[in-house]
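Step one of this worksheet: look at the structure below.
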Amino acid sequence: MSIGTAAPQPRPATVTPYVHHGAVGEVFLIFLRNLALNILTFGFYRFWARTRLRHYFWSQSEMFGDRFEYDGRGLELFLGFLFIAFIVLLPIGATYNVIATFASTDEVTQIWLSVVGYIGFFLLIGIATYRARGYRLSRTRWRGIRLFQVGNEFVYGPMFLLLFTLQLVTLGWATPFANTWLERYRIKHTYLGSERFSFDGRARDLYGRFAVGWLLALFTFGLGYFFYKAREIAYFAERTHVVGISFRFQVSALRLCGFWLLNMLILIVTLSLGYPFVQLRTARFVSEHLSIVGEPGFSAIQQVPADLPVLGEGLADAFDMDGM
Amino acid sequence: MRSATVRYLDGKSAAARAVTAELELSRLAVYDDGDGVLSRWPLDSLHSVDRWTVARGPLRLGVRGEPGVRLIVEDHAFRQTLLSAAPNAGRPPKRPLPPALKRLSIMGAAMAAAFTALFVAAPWYAGPVTELIPLSWERQFGEQVSDLINTNAGWGVCESEAGNAALDRLSNRLAASAGLSYVPTVTVVSLPQNNAFVVPGGYITLLSGLIEQSTSPDEVVGVVAHEFGHAIERHSLKRLVRANARSVLLGAMLGGSTLIARQIAEAGASLWELQYSREAEEEADRIAVDILRRAGITTAGLKRWFGRLAEEEGAETGTDDQSTPATNYFSTHPSTLARFQDVPVYAGDQGLDDSEWQAIRTICD
């Protein structure tokens, strides 16, 4: 445990582990409670359930001797969902139903409809992902300082759609470019109090590894992707900076692949009910591999007033996305 | 133990300081070795930041009214002292709703109410909404559905020149009598059941069992008139609007919640749908009688058909009382016996002459 001092001296970069203290027993109790209340409320408890789990997971995450804090409310998520359901999902659903019923069944019309559906779907996914991240950050404190996200979901959303499409038409070859662009956008618009995160990764550094992974994927039912992904995670971590620190996330492709496969297995076997345990596994996995390089200038991190979202992200719930 | 070294975060920067915290009579004082007293807080204003690290991990305290200020107590003995001296130290704060969230909650309640109202009121607005749908859309949609059912379902569609001509003449006569702006298409498919149905746009399908089991043409004509009743009132389209409205509302409302919740809600909705089906049947019966009477066709066939159906049902269930409340509530059609009794008898022709009736009887041969 280290106590930050105002005057860090230049010396070889220290490496501090990120630690997660979560325990299966505690997660299980929260899981049981959430499950029972979800059943009793026909699933409407899910916003409060998710909030409770986040409270737990945040409070068990530690960096430089200090736990993270989550102060979101279930009500914020619920209302966010309600507004989205009414203003966005209802009109879309109604329009879709009318079109699906009365539209002509000829091929050209059907193709046009699929194109519109595709664009709408991935656009909304992109927007929802970005807004949900903004909400989570805005409800997170570390050392009493609030995190937040700026940027615009109406830039991120269309770019997400565009880059995803690019990946499809290039048979995946746009992946390093797409992922780097999106990561840069997310990181650059993240603040820890007064301190802005920066990102200096470039897609071209990843292409060598990607080429090997792509070829490997051809013979491994796609699992060769992890050969690339492990590198991408490590690269993005070391290229992310804030107040003089950067990150280290060293993981072997095999380990990452095994971790992911077991997560999928848990979700499939438990019909997604085991999601909290996948979350715990993820937190521990991160804890095992993530460390912080360098010593931050703690006193430089100042609390600043920020424009925080009042409500949680409703679209994310509609798409059944949670994300940590 | 009255004092200990704790970590202090002032809520303004992320720099943690090691300070001395000392328990006074009703307050906690925090000293910095150089600067003297940093702050004094009433004991009851101290609360734990979260419920989880109280049991396991460092005690993390916040101060009511000073967001971001944190005291982290690692020392075990001092932590126990604080937990017993400060009444709220062991639990997270009760946070009152900020005004913005309060306002939004009221709007949210209004929206939830609107959702419920839209769901419950689907039967009432389904009619007016259906009226907004152009007949040409309905016809186009109905034709597709009818094709899908009659040809793609693998049922044999029965056709003969004379039979089709007879059905066309009948349809024209009934349409004229009903004042319909289009002439419904009547198709016969080869299926042994004694039944008929209509899809949107007036596409009527007769099952060959209906024709075979009828003793005279006015029975078949009566059933066709009944399906005309559905077509005129656009019952199937209304039903579709209701079902779609409910499924859209449920889809939007339940979002990412469990499949089970969805199934329960949909089962409830479909149980409710039964009631509207019964009303639709009664309405179609009334219209059928009206159309037949104005076309100068006897309604005796329709009545006889219901009578025979009631007898068959009675034989199946071993009872001749069809109107027990339970079967009445759960069936889509009103009790057949009641329908039989409700059809008034008007005299008229048979609706089809002998050669037409012969042509229709042999349409599947």
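Within segment B:3-85, the proportion of Cα pairs with more than 15 Å between them is 54 percent. Note that segment A:166-174 has calculated 3J(HN,Hα) couplings of 4, 4, 5, 6, 9, 6, x, 5, 8 Hz, one per residue in order, obtained from phi through the Karplus relation 6.51 cos²θ - 1.76 cosθ + 1.60 (θ = phi - 60°); glycine and proline are x. The alpha-carbon atoms of chain B define a convex hull whose volume equals 226 cubic angstrom per residue.
Tell me the Kirkwood radius of segment B:97-138: reciprocal of the mean inverse pair distance over distinct alpha-carbon atoms, in Å.
Details: mean 1/r = 0.0787 Å⁻¹.
Across segment B:97-138, the inverse of the average 1/r is 12.7 Å.
Taking only Cα atoms, what is the 0 to 90° angle, nearest 10, from helix A:74-84's long axis to the longest principal axis of chain A? The answer is roughly 30 degrees.
Per-residue Karplus couplings for segment A:308-316, computed as 6.51 cos²θ - 1.76 cosθ + 1.60 with θ equal to phi - 60°, are listed in order as 9, x, 7, 10, x, 8, x, 4, 4 Hz, Gly and Pro entered as x. Pick from B:Thr187, B:Thr53, B:Thr336: which residue has the top mean-square fluctuation in a GNM of chain B where Cα pairs under 10 Å get a spring? Its mean-square fluctuation being the largest, the pick is B:Thr53.
By the rule of a second cysteine Cβ within less than 4.7 angstrom, the protein assembly as shown holds isolated cysteines at A:Cys257. When each full DSSP H helix of chain B is screened for a Cα extent of at least 20 Å along its own axis and an average Kyte-Doolittle hydropathy of at least 1.0, the helices passing are B:99-120.
Our summary gives chain B a relative contact order of 14 percent, counting only alpha carbon pairs under 8 angstrom and 6 or more residues apart. In the complete set of protein chains, residue-level accessible area for A:Lys188 is approximately 80 Å², probe 1.4 angstrom.
The modelled label-to-label distance for the pair B:Ala176/B:Arg103, using points 7 Å beyond Cα in the direction of Cβ, is 6.8 nm.
Computed from Cα atoms, the angle from the helix A:90-102 axis to the main principal axis of chain A rounds to 30 degrees. Ordering B:Leu250, B:Leu82, B:Thr185 by Cα displacement along the dipole of chain B toward the positive end leaves B:Leu82 in first place; charges were set at the Cβ atoms of Lys, Arg (+1) and Asp, Glu (-1).
Compute the convex hull volume of the Cα atoms of the protein assembly as shown, divide it by the residue count, and report the result per residue in Å³ as a whole number.
Details: hull volume 140.7 nm³, N = 689.
Per-residue hull volume (Cα only) is 204 Å³.
For the set B:Ser105, B:Ser277, the ranking by accessible area, highest first and with no ligand, DNA or RNA atoms included, is B:Ser105, B:Ser277 under a 1.4 Å probe. Estimated purely from DSSP H runs of n ≥ 4, each contributing -39500 (n - 2.57), the mean residue ellipticity at 222 nm for the protein assembly as shown is -18000 deg cm²/dmol once divided by its residues. The solvent-accessible area of A:His55, taken with every protein chain present and a 1.4 Å probe, is close to 50 Å².
Accessible surface comparison of B:Glu219, B:Glu356, probe 1.4 Å, protein chains only, largest first: the order is B:Glu356, B:Glu219. For A:Trp260 and B:Glu159, what does the FRET efficiency come to when R0 = 56 Å and r is the distance between their Cβ atoms, rounded to the nearest 0.05? Step by step, r from the Cβ atoms, then E = 0.40. Against chain A, whose longest principal axis comes from its Cα atoms, helix A:253-269 is set at around 50 degrees. Spatial offset of segment A:52-72 relative to segment B:75-147 amounts to 27 Å, using the alpha carbon center of each. The simple spin-label model puts a point 7 Å past each Cα toward its Cβ; for B:Ser247 and A:Thr105 those points are separated by 1.5 nm. Comparing A:Gly201, A:Gln279, A:Val304 along the charge dipole axis of segment A:196-324, the residue lying farthest to the positive side is A:Gly201, per the Cβ-charge model. Rolling a 1.4 Å probe over the protein heavy atoms leaves A:Asp205 with an accessible area of roughly 60 Å². Go ahead and set up a Gaussian network model of chain B, Cα springs under 10 Å, then flag whichever of B:Pro98, B:Pro184, B:Pro200 fluctuates most. For chain B, modelled as a Gaussian network with Cα springs under 10 Å, the answer is B:Pro98. Would you list, by chain and number, the lysines whose Cα falls below 22 Å from the Cα of B:Lys94, excluding same-chain residues fewer than 8 positions away? Output for B:Lys94: B:Lys102.
Here the accessible area is traced with a 1.4 Å probe on the protein chains. For the protein assembly as shown, carbon and sulfur cover 63 percent of it.
Around the Cα centre of the protein assembly as shown, unit charges on the Cβ atoms of Lys, Arg, Asp and Glu (plus for the first two, minus for the last two) sum to a dipole of about 4580 debye.
The values are calculated or read from the model by the stated rules, or taken from the named source; none is laboratory data. Values in this document were obtained by computation on a predicted structure and should not be read as measured data. Neighbour counts run over all protein chains shown; Cβ positions are idealised from the backbone, glycine included. Surface areas here come from the heavy atoms of the whole protein model, side chains and all, with no ligands, DNA or RNA. Shrake-Rupley method; radii C 1.70, N 1.55, O 1.52, S 1.80 Å.
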